[in-house]
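Asker: Pasting a structure here, questions to come.
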Amino acid sequence: MNSANNISYLDYNATTPIDPRVLDAMLPFLKENFGNANSTHHFGSKIKKQIDDVREKAARFIKADTNEIIFTSGATEAINMALKGIADVYHTKGNHMVTVSTEHKAVLDTCKYLEGKGYEITYLSVDKYGLIDLNELEDAIQKNTILVCVMHVNNETGVIQLIGEIASIVRKKGVLFMTDATQSVGKINVDMESLGIDLLCLSGHKMYAPKGIGALYVRKSINLPTYMHGGGNEKNLRSGTLNVPAIVGLGKACEIATSEMKNDAERVVRFRDELETELLKIPKTFVNGNPENRIYNVSNICFKGFDANVMIGRMKNVAVSNGSACTSAVIEPSHVLTSMGLSRDDAFSSLRFSLGKYTTDKDIKGSVKNISEITQSIYRYA
């Protein structure tokens, strides 16, 4: 799939191509099955049944109940809905939340917004491997704490937080726990029954479904306020006509991941390790993040002394990232890497390689060759 455009695409954490089987499942709902799921006639009822089936698939995929899944336009909307909703509903209990300095900007910017509304936010630090200190987390939870929000898998480094242990600490304190699982759902097993999570966000376009669709898991004991008014859809949380084709695509992506996720992981990790081994032969390179406790498809590498943006500009046939795609227009070093203790220069010298199920041996070898040639050229003329 990557070779169609003659590009070695190694930016799967930014977005993934739609799986052809997902697209095939969507097409009937862009053509003959175009009805509105909210319509009361037979045609509309037929579409609604499809939506109900997908909701059940998505719920089953993360071991949740069907009525705990709310469809959204993506993870960013789900994060906003959850954080602002909890702040609104639980403000009589307290005005304090805990999150982490390395969260996605969707979380951090929403927290900044809430600070402007009078809420107090504690931002936990991370160690050089990107992990939080569980003792620091426990100490940060106060009597007026209403929510702890910790990302499952970091989008820039692939570092996996100890979500089960974090949830256990938070639950003992009688506080709600939320996780942004955008980079984990569809790649690794996420089991709501065992993890003890109260709210979870996911996005379709990170798991070979289309852009513009995501979901928010809300434990059934939690009642969020209406986020979008105008008809009472999605348990009266989010009104508006449902994006039926995209929802169907998300359901198909969940179905495919259920059967193929394990094999994909075994294949992709070999490519990731090969890429990393070869690139670390370049002088003054090192991996950012936890070498063990990270997801299998990500390698964030510092090319010390190089400008990552210059390198990206010279990569005509390789697509990689110097951080989160959502903040790529901001000329600032990665907040994730600087929070882990990297200098601004080293953060500016780092590239994120994120692989996926369509990555090929040709992609890896071509990328290594291209990057090696670029670094040698820069060394030569430095």
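The values are calculated or read from the model by the stated rules, or taken from the named source; none is laboratory data. Computed from a predicted model, the values in this text were never measured in an experiment. A quick note on method: Cβ atoms are made from the backbone with ideal geometry, for glycine too, and the neighbour counts reach across all protein chains shown. The area values use the complete protein model at the heavy-atom level, side chains included, leaving out ligands, DNA and RNA. Shrake-Rupley method; radii C 1.70, N 1.55, O 1.52, S 1.80 Å.
Asker: Filter the range 85-115 down to the residues that are among the β-branched types (Val, Ile, Thr) and over 18 Å from LEU216 (Cβ atoms), then identify the one that is surrounded by the most Cβ atoms within 10 Å (Cβ to Cβ).
Answerer: For the range 85-115, the residue satisfying everything is THR102.
Asker: Let me ask another. If only one of PHE303, PHE271, PHE353 is within 18 Å of GLN376 (Cβ to Cβ), surrounded by 14 or more Cβ atoms within 10 Å (Cβ to Cβ), aromatic (Phe, Trp, Tyr) and in contact with a helix residue (DSSP H, G or I) (Cβ under 9 Å, 6 or more places away or on another chain), which one is it?
Answerer: PHE303
Asker: Would you confirm, using the coordinates I've provided, whether ALA167 is of a type in the set (Gly, Ala, Ser), surrounded by fewer than 24 Cβ atoms within 10 Å (Cβ to Cβ) and in contact with a strand residue (DSSP E or B) (Cβ under 7 Å, 6 or more places away or on another chain)?
Answerer: So ALA167 passes the test.
Asker: Residue check, PRO17 against (1) under 22 Å from the mean Cα position of the chain (by Cα); (2) not in a loop (DSSP other than H, G, I, E, B), all met but one. Which one?
Answerer: (2)
Asker: Which residues, counting only those in the range 18-32, are free of Cβ contacts under 8 Å to residues at least 24 places away in the same chain and open to solvent by less than 60 Å² (accessible area, probe 1.4 Å)?
Answerer: The answer is PRO28, and nothing else.
Asker: Could you tell me whether any residue of the range 145-163 is among the polar types (S, T, N, Q) and farther than 30 Å from THR15 by Cα?
Answerer: yes
Asker: Which pairs turn up if I take residues in the range 122-140 that are open to solvent by 80 Å² or more (accessible area, probe 1.4 Å) and modelled with pLDDT of 95 or more and look for partners that are in a loop (DSSP other than H, G, I, E, B) and of a type outside the set (S, T, N, Q) with beta carbon separation below 6 Å, at least 6 apart in sequence or on another chain?
Answerer: LYS128/MET340; LYS128/GLY341
Asker: Between residues in the range 190-202 that are under 13 Å from ILE166 (Cβ atoms) and open to solvent by 10 Å² or more (accessible area, probe 1.4 Å) and residues that are assigned to a loop (DSSP other than H, G, I, E, B) and not β-branched (Val, Ile, Thr), which pairs lie under 8 Å by C-beta distance while being six or more apart or on different chains?
Answerer: These pairs meet every condition: ASP198/ARG219.
Asker: ASN370 - would you say it is open to solvent by less than 70 Å² (accessible area, probe 1.4 Å), touching a residue at least 12 places away in the same chain (Cβ under 8 Å) and either in a loop (DSSP other than H, G, I, E, B) or of a type in the set (Val, Ile, Thr) (or both)?
Answerer: In short, no.
Asker: Taking the condition open to solvent by 70 Å² or more (accessible area, probe 1.4 Å), under 27 Å from PHE61 (Cβ atoms) and either in contact with a Phe, Trp or Tyr (Cβ under 6 Å, 6 or more places away or on another chain) or outside any helix (DSSP H, G or I) (or both), does THR226 pass?
Answerer: The answer is no for THR226.
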